[in-house]
1. Note the full-extension length gain between Phe233 and Tyr158 as 0.36 nm times their separation in residues minus their Cα-Cα distance, in nm to one decimal.
2. Give me the lysines in straight-line cross-link reach of Lys64: C-alpha distance below 20 Å, same-chain residues under 8 apart excluded.
3. Filter the chain for me: DSSP H helices, axial length by Cα at least 15 angstrom, mean Kyte-Doolittle hydropathy not below -0.5. List them by residue number.
4. Within 10 Å of each residue's Cβ, count the other Cβ atoms and sort Asp21, Asp110 from fewest upward.
5. I want to make sure I understand the PRE zone here: with the label point 7 angstrom from the Cα of Trp16 toward its beta carbon, which residues in region 208-237 have backbone N atoms less than 14 Å away?
6. Would you tally the net charge around Gly176, using a Cβ to Cβ cut-off of less than 14 Å, leaving Gly176 out, and scoring K and R as +1, D and E as -1?
7. For Lys259, give me every one of the lysines with a C-alpha distance below 25 angstrom, ignoring sequence neighbours fewer than eight places off in its own chain.
8. When the helices in the chain are scored as -39500 (n - 2.57) per DSSP H run of 4 or longer and the sum is shared across all residues, what 222 nm value do you end up with, to the nearest 500 deg cm²/dmol?
Amino acid sequence: MMENKVILTVATTGAWPSKKDTPYIPLQPEEIAEEVYACYKAGAAVAHIHVRDDEDKASMNFEKFEKTLKLIREKCDIVINTTTSGGIGLTDEERMKPFMNLKPELASYDCGTMNWQNSTVFENNPKFLEKLGLAMQENGVKPEIEVFDAGMVYNALYYLKKGILKAPLHFQFVLGVPGGMTATIENLVFLKNLIPEGSTWSALGIGKQHLPILYAALAMGGNVRVGMEDNIFYSAGQLAKSNVEFIDRTKRIVKELGKELATPDEARAILGLKK
Ligand code: ZN
């Protein structure tokens, strides 16, 4: 029965879009929790969480994570996936503190360093990745291995061999960030064929490549992520007024494909999570 289920992750906020880009993006804990709850009711099984500081800037502020997760957990049992990359120039400890203390079921594991959007270095050096993988194991948090480029899959295979990561692995292919792989269906097929058998995977395309990657991932039997972290437009020139619009559309597409959205508990079963 589970082959018929699609895990829909919502990434409501991200690190970069501002209220100037779209007034509809939720940035503070109360707004994020309300939006996540609305997305849960619409069919999202996983919420990928970023927080912002009081000025709405990218942040790994622990109190903001603590408040956001508390508010979400009071409302629903959606699977929580916290970022470990809420900005540039953070210490390892700042990046790891939220998942080590708040014990989400998933957290992001960005599996390599890259030139981010032709502007800065998104650093995930080997020492950090080793420390991060072991800390996730110790805390019972499953890594969501974020892949922006093919080398990051090979890094994951290396860390699997070294015991830093444990099978079955779960991948999130993030396509279309300048500095990483472009968001083409050929690239998605290529990446999907690199991962070990028994792995689970999900994909997203940034910006206007969002829809082609969504359709392709679903057709290939994958899971999908939507939300304003990746794309603020519902269609050309039309801002999404809520992350729920992306959930509703994906639900319709999934249904037309003869599949169903997984509930949070079904997502837990598919990903091997302990609640
Ligand atoms: Zn993120």
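1. Taking 0.36 nm per residue and subtracting the Cα distance, the gain is 23.3 nm.
2. Output for Lys64: Lys19, Lys75, Lys97, Lys103.
3. Length and hydropathy pass: 29-42, 126-139, 150-162.
4. By the 10 Å Cβ count, ascending: Asp21, Asp110.
5. 208-210, 228-233
6. -3
7. Filter leaves Lys5, Lys41, Lys192, Lys208, Lys251, Lys274, Lys275.
8. -12000 deg cm²/dmol
Throughout, read-outs are computed from the coordinates displayed, never taken from laboratory work. Bear in mind that the values here come from a model prediction, so they are computed numbers and not experimental data. All Cβ positions, glycine included, derive from the backbone under ideal geometry; neighbour counts span all protein chains shown.
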